[in-house]
Amino acid sequence: MIDIDTSTPFGQRVRDRLENEIVVWLVTVDAAGTPQPSLVWFYWHEETMLIYSQPEKPKLRNIEHNSRVSVHFDSDGHGGNVVVLTGSAVIDSSIPPANEVPAYIAKYHDHILGIGMTGESFAQEYSVPIHFTPEKLRGH
């Protein structure tokens, strides 16, 4: 796990983005070694990230074959506010469904409704929990 130094402006920005941003890019690597970015919703909790996926998605196969991944936020459009986390991801069936994680549902409630779903239908559709543990942080 990483320790984010929130006494610095960069560390404060990182913590803010982890707690408030809606999407991140999860980058896995396919069998040929090609990076495969996927835009995902996430919940940051206790220095790790929880992501839910639909079954049978390429990112899941990629994680099963190579747990090394990166996660990054969009920049500010001018090359600033870059945050990249690298670490490992696992498909973790011990994690409850999304509708049983109150903080996840609270964060995405309006977005879930916006795609015509309920917490329960979202949990059924996005039924595969991914647990990301960052090991390194870089950016500016």
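The values are calculated or read from the model by the stated rules, or taken from the named source; none is laboratory data. Not measured: the values here are computed from a predicted model. Glycine also receives a Cβ, built like all others from the backbone with ideal geometry; neighbour counts cover every protein chain displayed.
Can we say Asn20 is free of Cβ contacts under 8 Å to residues at least 60 places away in the same chain, farther than 16 Å from His131 by Cβ and not aliphatic (A, V, I, L, M)? Taking the combined requirement at face value, the residue satisfies it.
Among the candidates Phe122, Phe132, Phe73, single out the residue that is of a type in the set (Phe, Trp, Tyr) and touching an Asp or Glu at 6+ places or on another chain (Cβ under 8 Å). Of the residues listed, the single one that is of a type in the set (Phe, Trp, Tyr) and touching an Asp or Glu at 6+ places or on another chain (Cβ under 8 Å) is Phe73. Looking only at residues that are modelled with pLDDT under 95 and in contact with a strand residue (DSSP E or B) (Cβ under 9 Å, 6 or more places away or on another chain) in segment 71-81, which one is nearest to Ser53 (Cα to Cα)? That would be Asp74. Checking the structure you have, find out if any residue of segment 50-64 is within 20 Å of Arg15 (Cβ to Cβ), part of a strand (DSSP E or B) and touching a Leu at 6+ places or on another chain (Cβ under 8 Å). Yes, because at least one residue in segment 50-64 is within 20 Å of Arg15 (Cβ to Cβ), part of a strand (DSSP E or B) and touching a Leu at 6+ places or on another chain (Cβ under 8 Å). Out of the residues in segment 43-93 meeting the condition of being among the small types (Gly, Ala, Ser) and exposed (fewer than 15 other Cβ atoms within 10 Å of the Cβ), tell me which one is nearest to Ile112 (Cα to Cα). Looking at residues that are among the small types (Gly, Ala, Ser) and exposed (fewer than 15 other Cβ atoms within 10 Å of the Cβ), I get Ser93. Residues in segment 102-118 that are in contact with a strand residue (DSSP E or B) (Cβ under 8 Å, 6 or more places away or on another chain) and either surrounded by 16 or more Cβ atoms within 10 Å (Cβ to Cβ) or at pLDDT below 95 (or both): Tyr104, Lys107, Tyr108.
Looking across segment 4-42 at every residue that is touching a helix residue (DSSP H, G or I) at 6+ places or on another chain (Cβ under 8 Å) and exposed (fewer than 14 other Cβ atoms within 10 Å of the Cβ), the one that is nearest to Leu137 (Cα to Cα) is identified as Asp5.
Assess whether Ser93 counts as being in contact (Cβ under 8 Å) with a residue 24 or more places away in the chain and out of contact with any Leu (no Cβ under 8 Å at 6 or more places or on another chain). In short, yes. Only one entry in Ala103, Ala123 is in a helix (DSSP H, G or I), under 27 Å from Ile2 (Cα atoms), touching a residue at least 24 places away in the same chain (Cβ under 8 Å) and not charged (D, E, K, R), namely Ala103. Residue pairs whose Cβ atoms lie under 7 Å apart, sitting 6 or more positions apart in sequence or on different chains, and linking a residue in segment 27-52 that is without any contact (Cβ under 8 Å) to a residue 40 or more places away in the chain and polar (S, T, N, Q) to a partner that is part of a loop (DSSP other than H, G, I, E, B) and surrounded by 14 or more Cβ atoms within 10 Å (Cβ to Cβ), are Gln36/Asp30.
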